[in-house]
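The values are calculated or read from the model by the stated rules, or taken from the named source; none is laboratory data. Please read these numbers as outputs of a predicted model, since none were measured by experiment. When we count neighbours, we look across all protein chains shown, and the Cβ atoms used for this are built from the backbone with ideal geometry, even at glycine. Accessible surface areas use protein heavy atoms only, side chains included; no ligands, DNA or RNA. Shrake-Rupley method; radii C 1.70, N 1.55, O 1.52, S 1.80 Å.
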Amino acid sequence: MTHTRTALVVGGGTAGSALAVLLRRAGIAVDLVEAKADWNATTGSGITLQGNALRVLREIGVLEQVSAHGFSSDGVTIVAPDGTEIFTQQDVRTGGDDLPSTVGMQRPALQRILIEAVRASGTRVRLGCTIDRLTQDARGVDVSLTDGTAGRYDLVVAADGLNSRTRELIGVTDKPAPTGMAIWRTPAPLPAGVTRTHLAYGGPAYIAGFCPTSDTTVYAYLVEPNRDRASIDPASYAEEMRRAAEGYGGFWDEIRASITDPAQVNYTWFDRHLVEGAWHRGRVVLVGDAAHACPPTLAQGAAMSLEGVSVLAELLSAHEAWDDELLTAYRDRRMPRVRMVVDASVQIGQWQLDGVRDAGVPGLMGRTLNALKELP
Ligand SMILES: Cc1cc2nc3c(=O)[nH]c(=O)nc-3n(C[C@H](O)[C@H](O)[C@H](O)COP(=O)(O)OP(=O)(O)OC[C@H]3O[C@@H](n4cnc5c(N)ncnc54)[C@H](O)[C@@H]3O)c2cc1C
(Lines give C-alpha, C1' and ligand atoms only; values in the text may rest on other atoms or scores of the structure.)
Protein backbone atom coordinates (compact mmCIF):
# COMPACT_ATOMS: atom_id res chain seq x y z
CA MET A 1 0.00 0.00 0.00
CA THR A 2 1.36 3.43 -0.89
CA HIS A 3 1.75 5.95 1.91
CA THR A 4 -0.76 8.84 1.88
CA ARG A 5 1.39 11.91 2.16
CA THR A 6 0.62 14.28 5.01
CA ALA A 7 1.00 18.01 5.49
CA LEU A 8 0.38 20.40 8.36
CA VAL A 9 -0.50 23.95 7.31
CA VAL A 10 0.10 26.49 10.07
CA GLY A 11 -2.17 29.52 9.55
CA GLY A 12 -5.49 29.69 7.74
CA GLY A 13 -5.24 33.09 6.06
CA THR A 14 -5.32 33.61 2.31
CA ALA A 15 -2.22 31.52 1.64
CA GLY A 16 -2.81 28.67 4.11
CA SER A 17 -6.46 28.21 3.16
CA ALA A 18 -5.75 28.22 -0.58
CA LEU A 19 -2.87 25.78 -0.14
CA ALA A 20 -4.95 23.37 1.94
CA VAL A 21 -7.53 23.17 -0.87
CA LEU A 22 -4.93 22.48 -3.57
CA LEU A 23 -3.05 19.88 -1.50
CA ARG A 24 -6.29 18.04 -0.70
CA ARG A 25 -7.09 17.99 -4.41
CA ALA A 26 -3.78 16.16 -4.94
CA GLY A 27 -4.82 13.50 -2.42
CA ILE A 28 -2.60 14.75 0.39
CA ALA A 29 -3.96 14.45 3.95
CA VAL A 30 -3.98 18.01 5.31
CA ASP A 31 -4.28 19.31 8.86
CA LEU A 32 -4.62 23.08 9.32
CA VAL A 33 -4.11 24.92 12.59
CA GLU A 34 -5.27 28.51 12.92
CA ALA A 35 -4.45 30.66 15.94
CA LYS A 36 -7.63 32.77 15.85
CA ALA A 37 -10.78 31.12 17.17
CA ASP A 38 -12.97 33.05 14.69
CA TRP A 39 -10.63 32.21 11.79
CA ASN A 40 -10.62 35.95 10.88
CA ALA A 41 -14.12 35.65 9.44
CA THR A 42 -15.74 38.46 11.39
CA THR A 43 -13.45 41.50 11.22
CA GLY A 44 -11.33 43.29 8.65
CA SER A 45 -11.64 46.05 6.09
CA GLY A 46 -11.15 45.53 2.37
CA ILE A 47 -8.76 44.13 -0.18
CA THR A 48 -8.08 44.70 -3.86
CA LEU A 49 -7.65 41.39 -5.63
CA GLN A 50 -5.83 41.88 -8.90
CA GLY A 51 -6.16 39.60 -11.91
CA ASN A 52 -3.17 37.43 -10.98
CA ALA A 53 -4.77 36.79 -7.56
CA LEU A 54 -8.09 36.02 -9.27
CA ARG A 55 -6.30 33.52 -11.54
CA VAL A 56 -5.32 31.46 -8.46
CA LEU A 57 -8.74 31.90 -6.82
CA ARG A 58 -10.19 30.43 -10.04
CA GLU A 59 -7.73 27.53 -9.76
CA ILE A 60 -8.94 26.74 -6.24
CA GLY A 61 -12.56 26.94 -7.44
CA VAL A 62 -13.89 30.05 -5.66
CA LEU A 63 -13.83 32.69 -8.41
CA GLU A 64 -17.60 32.61 -8.90
CA GLN A 65 -18.27 33.31 -5.21
CA VAL A 66 -15.55 35.98 -5.12
CA SER A 67 -17.08 37.75 -8.15
CA ALA A 68 -20.57 37.49 -6.67
CA HIS A 69 -19.57 38.99 -3.30
CA GLY A 70 -17.02 41.52 -4.57
CA PHE A 71 -16.97 44.42 -7.01
CA SER A 72 -15.26 43.89 -10.37
CA SER A 73 -13.61 46.82 -12.10
CA ASP A 74 -11.16 47.57 -14.89
CA GLY A 75 -10.03 51.08 -14.13
CA VAL A 76 -8.90 53.60 -11.52
CA THR A 77 -9.89 57.27 -11.41
CA ILE A 78 -7.11 59.59 -10.33
CA VAL A 79 -8.52 62.63 -8.53
CA ALA A 80 -7.28 65.88 -7.02
CA PRO A 81 -7.62 66.20 -3.23
CA ASP A 82 -10.86 68.18 -3.71
CA GLY A 83 -12.33 65.21 -5.60
CA THR A 84 -12.03 66.69 -9.10
CA GLU A 85 -11.52 63.83 -11.53
CA ILE A 86 -8.20 64.18 -13.39
CA PHE A 87 -8.29 61.04 -15.55
CA THR A 88 -9.39 57.41 -15.53
CA GLN A 89 -6.84 54.80 -16.48
CA GLN A 90 -7.49 51.24 -17.58
CA ASP A 91 -5.76 48.82 -15.21
CA VAL A 92 -3.54 46.05 -16.51
CA ARG A 93 -5.34 42.69 -16.61
CA THR A 94 -2.59 40.81 -14.79
CA GLY A 95 -4.61 37.58 -14.73
CA GLY A 96 -5.24 37.51 -18.48
CA ASP A 97 -7.93 39.05 -20.66
CA ASP A 98 -10.66 36.69 -19.43
CA LEU A 99 -10.44 38.10 -15.88
CA PRO A 100 -11.19 41.65 -14.67
CA SER A 101 -8.26 43.82 -13.62
CA THR A 102 -9.48 43.87 -10.03
CA VAL A 103 -12.17 42.68 -7.68
CA GLY A 104 -12.56 44.74 -4.50
CA MET A 105 -13.82 42.72 -1.53
CA GLN A 106 -14.52 42.98 2.14
CA ARG A 107 -11.84 40.85 3.80
CA PRO A 108 -14.24 38.85 5.99
CA ALA A 109 -16.29 37.98 2.86
CA LEU A 110 -13.17 36.62 1.14
CA GLN A 111 -12.17 34.74 4.28
CA ARG A 112 -15.62 33.12 4.60
CA ILE A 113 -15.42 31.91 0.99
CA LEU A 114 -11.99 30.41 1.63
CA ILE A 115 -13.17 28.78 4.86
CA GLU A 116 -16.04 27.11 3.03
CA ALA A 117 -13.60 25.79 0.41
CA VAL A 118 -11.25 24.45 3.08
CA ARG A 119 -14.13 22.73 4.91
CA ALA A 120 -15.40 21.20 1.65
CA SER A 121 -11.90 19.94 0.80
CA GLY A 122 -11.78 17.55 3.75
CA THR A 123 -8.96 19.38 5.51
CA ARG A 124 -8.90 18.68 9.25
CA VAL A 125 -9.10 22.10 10.91
CA ARG A 126 -8.23 23.10 14.46
CA LEU A 127 -9.02 26.66 15.54
CA GLY A 128 -7.51 28.59 18.43
CA CYS A 129 -4.52 26.29 18.11
CA THR A 130 -0.92 26.50 16.95
CA ILE A 131 2.45 24.80 16.99
CA ASP A 132 4.14 24.59 20.34
CA ARG A 133 7.30 22.69 19.35
CA LEU A 134 8.68 20.88 16.34
CA THR A 135 11.59 18.55 15.66
CA GLN A 136 12.45 16.91 12.39
CA ASP A 137 14.53 14.16 10.82
CA ALA A 138 15.15 13.28 7.19
CA ARG A 139 11.76 11.56 6.83
CA GLY A 140 9.30 13.78 8.65
CA VAL A 141 8.43 16.47 11.19
CA ASP A 142 7.17 15.78 14.74
CA VAL A 143 4.90 18.51 15.99
CA SER A 144 3.36 19.29 19.40
CA LEU A 145 0.33 21.55 19.28
CA THR A 146 -0.94 23.95 21.91
CA ASP A 147 -4.16 21.91 22.31
CA GLY A 148 -2.01 19.12 23.79
CA THR A 149 -2.09 16.90 20.69
CA ALA A 150 0.91 15.80 18.65
CA GLY A 151 1.48 14.49 15.15
CA ARG A 152 4.06 13.53 12.55
CA TYR A 153 3.92 14.99 9.03
CA ASP A 154 5.80 14.63 5.76
CA LEU A 155 5.75 18.42 5.44
CA VAL A 156 4.93 21.47 7.58
CA VAL A 157 3.99 24.70 5.80
CA ALA A 158 4.43 27.99 7.64
CA ALA A 159 1.51 30.11 6.38
CA ASP A 160 1.29 32.05 9.63
CA GLY A 161 1.83 35.49 8.14
CA LEU A 162 4.21 38.41 8.46
CA ASN A 163 5.35 37.69 12.02
CA SER A 164 5.46 33.92 11.51
CA ARG A 165 6.28 32.03 14.68
CA THR A 166 6.98 28.90 12.64
CA ARG A 167 9.65 30.84 10.71
CA GLU A 168 11.27 31.65 14.04
CA LEU A 169 11.00 28.04 15.25
CA ILE A 170 13.06 26.81 12.27
CA GLY A 171 15.69 29.51 12.72
CA VAL A 172 14.99 31.76 9.73
CA THR A 173 16.00 35.13 11.10
CA ASP A 174 14.80 37.50 8.34
CA LYS A 175 12.11 39.80 9.73
CA PRO A 176 9.81 42.50 8.33
CA ALA A 177 11.08 46.08 8.41
CA PRO A 178 8.85 49.18 8.53
CA THR A 179 8.95 51.37 5.40
CA GLY A 180 8.02 54.58 7.26
CA MET A 181 4.39 54.72 6.17
CA ALA A 182 1.15 53.68 7.85
CA ILE A 183 -2.44 53.33 6.71
CA TRP A 184 -5.85 54.11 8.18
CA ARG A 185 -8.50 51.76 6.77
CA THR A 186 -12.23 51.38 7.23
CA PRO A 187 -15.24 49.92 5.50
CA ALA A 188 -17.88 52.54 4.57
CA PRO A 189 -21.16 52.76 2.63
CA LEU A 190 -20.71 53.10 -1.16
CA PRO A 191 -21.43 56.71 -2.13
CA ALA A 192 -23.93 56.95 -5.02
CA GLY A 193 -22.07 57.38 -8.32
CA VAL A 194 -18.85 55.55 -7.37
CA THR A 195 -18.14 52.78 -9.90
CA ARG A 196 -14.43 52.18 -9.46
CA THR A 197 -11.44 52.93 -7.22
CA HIS A 198 -10.61 56.63 -6.75
CA LEU A 199 -7.09 57.63 -5.74
CA ALA A 200 -5.64 61.00 -4.76
CA TYR A 201 -1.85 61.25 -4.58
CA GLY A 202 -1.05 64.33 -2.56
CA GLY A 203 -3.05 66.52 -0.25
CA PRO A 204 -2.50 66.12 3.49
CA ALA A 205 -1.90 62.35 3.18
CA TYR A 206 0.43 60.56 0.75
CA ILE A 207 -2.50 58.62 -0.70
CA ALA A 208 -6.24 58.91 -0.08
CA GLY A 209 -8.38 56.32 -1.78
CA PHE A 210 -11.43 54.16 -1.73
CA CYS A 211 -12.28 50.96 -3.54
CA PRO A 212 -15.81 49.53 -3.99
CA THR A 213 -16.03 46.15 -2.22
CA SER A 214 -19.66 45.28 -3.04
CA ASP A 215 -22.76 46.97 -4.47
CA THR A 216 -23.23 48.75 -1.15
CA THR A 217 -19.77 49.17 0.41
CA VAL A 218 -16.32 50.68 -0.12
CA TYR A 219 -13.04 50.24 1.66
CA ALA A 220 -11.52 53.68 2.33
CA TYR A 221 -7.89 54.36 3.23
CA LEU A 222 -5.41 57.12 3.96
CA VAL A 223 -1.63 56.68 3.96
CA GLU A 224 0.51 58.83 6.29
CA PRO A 225 3.99 58.79 7.88
CA ASN A 226 3.97 56.07 10.55
CA ARG A 227 3.56 57.05 14.19
CA ASP A 228 4.24 55.25 17.45
CA ARG A 229 1.22 52.94 17.70
CA ALA A 230 1.34 52.97 21.48
CA SER A 231 0.73 56.72 21.40
CA ILE A 232 -2.63 56.36 19.60
CA ASP A 233 -5.58 55.32 21.75
CA PRO A 234 -7.69 52.77 19.80
CA ALA A 235 -10.80 54.54 21.16
CA SER A 236 -9.76 57.56 19.07
CA TYR A 237 -9.29 55.67 15.78
CA ALA A 238 -12.49 57.01 14.14
CA GLU A 239 -11.60 60.56 15.15
CA GLU A 240 -8.00 60.08 13.91
CA MET A 241 -9.16 58.76 10.55
CA ARG A 242 -11.67 61.62 10.12
CA ARG A 243 -8.83 64.03 10.88
CA ALA A 244 -6.59 62.35 8.29
CA ALA A 245 -9.45 62.64 5.75
CA GLU A 246 -9.90 66.38 6.28
CA GLY A 247 -8.64 68.15 3.19
CA TYR A 248 -10.24 65.62 0.85
CA GLY A 249 -13.48 66.55 -0.87
CA GLY A 250 -15.95 65.06 -3.33
CA PHE A 251 -17.07 61.57 -2.25
CA TRP A 252 -14.80 61.84 0.80
CA ASP A 253 -17.33 64.20 2.48
CA GLU A 254 -19.82 61.34 2.67
CA ILE A 255 -17.22 58.72 3.60
CA ARG A 256 -15.70 60.91 6.33
CA ALA A 257 -19.11 61.49 7.91
CA SER A 258 -19.68 57.72 8.11
CA ILE A 259 -16.47 57.08 10.11
CA THR A 260 -17.86 57.00 13.64
CA ASP A 261 -17.08 53.53 15.05
CA PRO A 262 -13.44 53.19 16.21
CA ALA A 263 -13.77 49.39 16.17
CA GLN A 264 -14.26 49.51 12.39
CA VAL A 265 -11.07 51.50 11.83
CA ASN A 266 -7.72 49.77 11.46
CA TYR A 267 -4.26 51.37 11.78
CA THR A 268 -1.34 49.42 10.30
CA TRP A 269 2.26 50.17 9.43
CA PHE A 270 3.66 49.28 6.01
CA ASP A 271 6.41 46.66 6.03
CA ARG A 272 8.92 45.21 3.62
CA HIS A 273 9.88 41.59 4.04
CA LEU A 274 11.81 39.17 1.85
CA VAL A 275 13.57 36.07 3.12
CA GLU A 276 16.82 36.20 1.15
CA GLY A 277 18.15 32.71 1.79
CA ALA A 278 16.36 29.37 1.63
CA TRP A 279 12.60 29.43 2.26
CA HIS A 280 12.75 26.06 3.98
CA ARG A 281 14.64 24.16 6.64
CA GLY A 282 14.42 20.43 6.11
CA ARG A 283 10.72 19.65 5.67
CA VAL A 284 9.33 22.96 6.92
CA VAL A 285 8.66 25.55 4.20
CA LEU A 286 7.46 29.16 4.18
CA VAL A 287 4.63 30.49 2.02
CA GLY A 288 2.85 33.85 1.72
CA ASP A 289 3.69 36.76 4.03
CA ALA A 290 5.86 34.46 6.14
CA ALA A 291 8.33 34.50 3.20
CA HIS A 292 7.65 37.88 1.58
CA ALA A 293 5.49 40.96 2.03
CA CYS A 294 5.27 44.39 0.50
CA PRO A 295 3.49 47.67 1.21
CA PRO A 296 0.15 47.69 -0.66
CA THR A 297 1.18 50.46 -3.10
CA LEU A 298 0.64 47.96 -5.94
CA ALA A 299 -1.98 45.88 -4.06
CA GLN A 300 0.03 42.74 -4.78
CA GLY A 301 0.71 41.10 -1.37
CA ALA A 302 -2.10 38.56 -1.41
CA ALA A 303 -1.60 38.06 -5.14
CA MET A 304 2.06 37.12 -4.57
CA SER A 305 1.02 34.83 -1.70
CA LEU A 306 -1.59 33.08 -3.86
CA GLU A 307 0.81 32.68 -6.77
CA GLY A 308 3.35 31.12 -4.39
CA VAL A 309 0.69 28.72 -3.15
CA SER A 310 -0.11 27.68 -6.70
CA VAL A 311 3.55 27.02 -7.53
CA LEU A 312 4.23 25.15 -4.28
CA ALA A 313 1.11 22.98 -4.69
CA GLU A 314 2.04 22.21 -8.29
CA LEU A 315 5.53 21.04 -7.29
CA LEU A 316 4.36 19.05 -4.26
CA SER A 317 1.63 17.36 -6.32
CA ALA A 318 3.89 16.48 -9.24
CA HIS A 319 6.91 15.13 -7.37
CA GLU A 320 7.20 12.09 -5.14
CA ALA A 321 10.27 13.29 -3.27
CA TRP A 322 9.60 16.29 -1.02
CA ASP A 323 13.24 17.07 -0.59
CA ASP A 324 15.72 19.90 -0.46
CA GLU A 325 15.91 20.07 -4.25
CA LEU A 326 12.14 20.45 -4.67
CA LEU A 327 11.76 23.11 -1.98
CA THR A 328 14.74 25.00 -3.39
CA ALA A 329 13.13 24.86 -6.85
CA TYR A 330 9.97 26.44 -5.37
CA ARG A 331 11.93 29.33 -3.87
CA ASP A 332 14.06 29.82 -6.99
CA ARG A 333 11.00 29.94 -9.23
CA ARG A 334 9.27 32.53 -7.05
CA MET A 335 12.17 34.76 -6.01
CA PRO A 336 12.73 36.94 -9.14
CA ARG A 337 9.03 37.75 -9.48
CA VAL A 338 8.51 38.39 -5.77
CA ARG A 339 11.63 40.55 -5.59
CA MET A 340 10.44 42.64 -8.53
CA VAL A 341 7.08 43.27 -6.81
CA VAL A 342 8.53 43.94 -3.35
CA ASP A 343 11.14 46.36 -4.73
CA ALA A 344 8.62 48.22 -6.91
CA SER A 345 6.08 48.45 -4.08
CA VAL A 346 8.70 49.87 -1.71
CA GLN A 347 10.08 52.26 -4.33
CA ILE A 348 6.66 53.79 -5.00
CA GLY A 349 6.25 54.56 -1.30
CA GLN A 350 9.84 55.79 -0.98
CA TRP A 351 9.39 58.34 -3.76
CA GLN A 352 6.44 59.74 -1.81
CA LEU A 353 8.36 59.76 1.47
CA ASP A 354 11.21 61.60 -0.28
CA GLY A 355 8.83 64.09 -1.91
CA VAL A 356 10.09 63.25 -5.42
CA ARG A 357 7.57 65.13 -7.55
CA ASP A 358 8.68 63.87 -10.98
CA ALA A 359 8.97 60.21 -9.90
CA GLY A 360 8.27 57.60 -12.55
CA VAL A 361 5.36 55.99 -10.67
CA PRO A 362 3.09 55.26 -13.68
CA GLY A 363 6.01 53.78 -15.63
CA LEU A 364 7.16 51.53 -12.77
CA MET A 365 3.59 50.43 -12.02
CA GLY A 366 2.93 49.69 -15.70
CA ARG A 367 6.16 47.72 -16.19
CA THR A 368 5.65 45.68 -13.03
CA LEU A 369 1.98 44.86 -13.62
CA ASN A 370 2.58 44.03 -17.29
CA ALA A 371 5.35 41.60 -16.28
CA LEU A 372 2.83 39.83 -14.01
CA LYS A 373 0.71 38.82 -17.00
CA GLU A 374 3.27 36.04 -17.56
CA LEU A 375 2.27 32.87 -15.72
CA PRO A 376 4.16 32.47 -12.42
C1 LIG B 1 -2.55 47.59 4.94
C2 LIG B 1 -2.48 46.43 4.00
C3 LIG B 1 -3.24 46.44 2.86
C4 LIG B 1 -3.15 45.37 1.96
N5 LIG B 1 -3.87 45.41 0.81
C6 LIG B 1 -3.73 44.42 -0.10
C7 LIG B 1 -4.44 44.46 -1.32
O8 LIG B 1 -5.23 45.36 -1.57
N9 LIG B 1 -4.23 43.44 -2.21
C10 LIG B 1 -3.38 42.41 -1.95
O11 LIG B 1 -3.21 41.52 -2.81
N12 LIG B 1 -2.71 42.34 -0.78
C13 LIG B 1 -2.87 43.31 0.13
N14 LIG B 1 -2.20 43.25 1.33
C15 LIG B 1 -1.34 42.08 1.61
C16 LIG B 1 -2.15 40.87 2.08
O17 LIG B 1 -3.01 41.22 3.14
C18 LIG B 1 -1.21 39.77 2.52
O19 LIG B 1 -0.16 39.64 1.61
C20 LIG B 1 -1.91 38.44 2.64
O21 LIG B 1 -2.95 38.54 3.59
C22 LIG B 1 -0.93 37.35 3.04
O23 LIG B 1 -1.62 36.15 3.29
P24 LIG B 1 -1.03 35.09 4.32
O25 LIG B 1 -2.03 33.99 4.35
O26 LIG B 1 0.37 34.80 3.99
O27 LIG B 1 -1.01 35.84 5.71
P28 LIG B 1 -2.25 36.29 6.60
O29 LIG B 1 -3.38 36.70 5.73
O30 LIG B 1 -1.70 37.27 7.58
O31 LIG B 1 -2.69 34.97 7.34
C32 LIG B 1 -1.94 34.39 8.37
C33 LIG B 1 -2.88 33.53 9.19
O34 LIG B 1 -2.12 32.82 10.15
C35 LIG B 1 -2.73 32.97 11.43
N36 LIG B 1 -1.65 32.85 12.41
C37 LIG B 1 -0.76 33.80 12.79
N38 LIG B 1 0.13 33.27 13.65
C39 LIG B 1 -0.21 31.97 13.81
C40 LIG B 1 0.33 30.89 14.53
N41 LIG B 1 1.43 31.05 15.28
N42 LIG B 1 -0.28 29.69 14.45
C43 LIG B 1 -1.37 29.50 13.69
N44 LIG B 1 -1.94 30.49 12.97
C45 LIG B 1 -1.34 31.70 13.02
C46 LIG B 1 -3.41 34.31 11.38
O47 LIG B 1 -4.46 34.41 12.33
C48 LIG B 1 -3.93 34.32 9.95
O49 LIG B 1 -5.17 33.69 9.82
C50 LIG B 1 -2.27 44.29 2.25
C51 LIG B 1 -1.54 44.27 3.42
C52 LIG B 1 -1.63 45.33 4.29
C53 LIG B 1 -0.80 45.31 5.55
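In the full protein context, segment 297-376 carries 45 Å² of accessible surface per residue, based on a 1.4 Å probe and ignoring ligands, DNA and RNA. Dividing the helix sum by the residues of the chain, where each DSSP H run of 4 or more adds -39500 (n - 2.57), gives a mean residue ellipticity at 222 nm of -10000 deg cm²/dmol.
How high is the FRET efficiency between T42 and E168 when r is their beta carbon distance and R₀ equals 30 Å, given to the nearest 0.05? With a Förster radius of 30 Å, E is 0.65.
Computed from the C-alpha gyration tensor, the three semi-axes of the ellipsoid equivalent to segment 182-270 are 21, 14, 11 Å, from longest to shortest.
Using the Cβ-Cβ distance between M335 and D253 with R0 set to 41 Å, the FRET efficiency works out to roughly 0.35. Between G180, G360, G349, the Gaussian network model of the chain with springs among Cα atoms under 10 angstrom shows the greatest mean-square fluctuation at G360. What percentage of the solvent-accessible surface of the chain, computed with a 1.4 Å probe over protein heavy atoms, is contributed by carbon and sulfur atoms? It is 51 percent, rounded to a whole number. When nucleic acids and ligands are ignored and a 1.4 Å probe is applied, D233 ends up with an accessible area of around 90 Å². Counting only Cβ charges, +1 for Lys and Arg and -1 for Asp and Glu, the dipole size of the chain around its Cα centre is about 580 debye.
H69 contributes about 100 Å² of solvent-accessible surface, heavy atoms of the protein only, 1.4 Å probe.
Counting heavy atoms of the protein chains only and a 1.4 Å probe, report the per residue accessible area for segment 182-270 as a whole number of Å². Before the final figure, lay out each step's value.
Values: 3730 Å² over 89 residues.
Per residue, segment 182-270 has 42 Å² of solvent-accessible surface.
How much net charge surrounds S73 when only the other residues with a Cβ under 12 Å from the Cβ of S73 are counted, with Lys and Arg +1 and Asp and Glu -1? Net local charge, S73 excluded: 0.
Among beta bridges identified by DSSP and lying wholly in the chain, the antiparallel ones come to about 75 percent.
Let me test this: with uniform point scatterers at the alpha carbons of the chain, what is the Debye-based log₁₀ I(q)/I(0) at q = 0.07, 0.14, 0.15 1/Å? Debye intensities relative to I(0), on a log10 scale: -0.30, -1.21, -1.37. For the chain, averaging the sequence separation of C-alpha pairs within contact (under 8 Å, six or more residues apart) and dividing by the residue count gives a relative contact order of 21 percent.
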